[in-house]
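Trainee: One structure follows; several queries about it will come next.
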């Protein structure tokens, strides 16, 4: 029997790996269990660049949030937010606009518990324990904290590839689109099988042992998910090529989109 850390919620199965906690491990976090580390280690054998990919996703998060603020959007609904580490949405948003409001949503109890502990006393943030596919619950909770008569940035960073085709991810995106007003935004990053299909298939096999499976999709498939939105320049591109920061220094993977195998885009509600 694995020893249960004191910070682990009583109602969680610590023997079942979860993508949020595996992601935390890739980023060097400490809120993960032995089972998460074991499966993440298997993933690293398949794709050793996974920590760089996780950090690149954080880089896209930073740039997308800054873009939203520059457009005057000061409300954020972060779906599948994971375990908060340095450089999370509220830190980026509040560094640019201290009045910004953020609602984090995740279905992993560890992510929710740690987020609530970290953000205790922060009146401009809230944490909701829900699955992004349960759009009615998520929106009901978000409506208590955000003004949906004003633009909202809906954030789906590295989460739609954990929504299988049978759960109709396009309908999930459409539900959040319907709930928001024009000038709202959607930011998405998504794993793709366009570059390394065989290796991505191996990663999908690894994640079958986690609480949520991984589904890589092609460029057109991902673009179709963004259907209700007008994709802003530069469009749906490799994650590292979405408005890169010229001051960020050399790319650790040499700017090789194949090694990242992830697309990113921001769409605007018209």
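Each value in this text was obtained by applying a stated rule to the coordinates, not by laboratory testing. On a predicted model such as this, the values are computed, not experimentally measured, just so you know. FYI the Cβ positions are ideal-geometry reconstructions off the backbone, even for glycines, and counts take in every protein chain you see.
Trainee: Note the direction-averaged projected area, equal to a quarter of the hull surface, for the Cα convex hull of the stretch 182-227, in nm².
Mentor: It is 4.1 nm².
Trainee: May I ask what percent, to the nearest 5, of DSSP beta bridges between residues of the chain are antiparallel?
Mentor: If I count the DSSP bridges inside the chain, around 40 percent turn out antiparallel.
Trainee: Ranked highest first by the average count of other Cβ atoms within 10 Å around their residues, in what order do 142-148, 16-22 fall?
Mentor: Highest mean packing first, the order is 16-22, 142-148.
Trainee: How far apart, in nm, are the 7 Å Cα→Cβ label points at residue 96 and residue 253?
Mentor: 2.4
Trainee: How high is the relative contact order of the chain, in percent, with contacts defined as C-alpha pairs under 8 Å that are six or more residues apart? Present the calculation step by step, with values, prior to reporting the outcome.
Mentor: Numbers: 487 pairs, mean separation 51.8, N = 270.
Reported relative contact order: 19 percent.
Trainee: I've got another one for you. Report the Rg/Rh value for the chain, based on alpha-carbon coordinates and the Kirkwood definition of Rh.
Mentor: For the chain, the value is 0.93.
Trainee: Between residue 30 and residue 201, what's the calculated FRET efficiency when r is the beta-carbon distance and R0 is 25 Å? Round to 0.05.
Mentor: It comes out at approximately 0.20.
Trainee: Any idea how far apart residue 144 and residue 208 come out in nm if each label point goes 7 Å out from Cα toward Cβ?
Mentor: Each label point lies 7 Å from its Cα, and together they span 4.0 nm.
Trainee: If we sort 24-32, 40-48 on the protection proxy, mean other Cβ atoms within 10 Å, highest first, what's the order?
Mentor: The packing order, highest mean first, is 24-32, 40-48.
Trainee: I've got another one for you. Largest first and in whole Å, what are the equivalent-ellipsoid semi-axes of the stretch 130-270 based on the Cα gyration tensor, each being the root of 5 times an eigenvalue?
Mentor: Semi-axis lengths for the stretch 130-270 are 26, 20, 13 Å.
Trainee: Separate question: If I build a Gaussian network model for the chain, linking alpha-carbon pairs within less than 10 angstrom, which residue out of 259, 124, 199 has the largest mean-square fluctuation?
Mentor: Highest fluctuation of the listed residues: 199.
Trainee: How much length is gained on full extension from residue 15 to residue 174, taking 0.36 nm per residue of separation minus their Cα-Cα distance?
Mentor: Working it through step by step, the gained length comes to 53.8 nm.
Trainee: Another question, if that's okay. Rg/Rh for the stretch 167-243 to two decimals, with Rh computed the Kirkwood way over all alpha-carbon pairs.
Mentor: 1.00
Trainee: How would you order 227-234, 60-67 from highest to lowest mean count of nearby Cβ atoms within 10 Å?
Mentor: For the peptides 227-234, 60-67, the packing ranking is 60-67, 227-234.
Trainee: Continuing with this model, one more query. Got a sec? How would 165, 241, 74 order by Cβ neighbour count within 10 Å, fewest to most?
Mentor: 165, 241, 74
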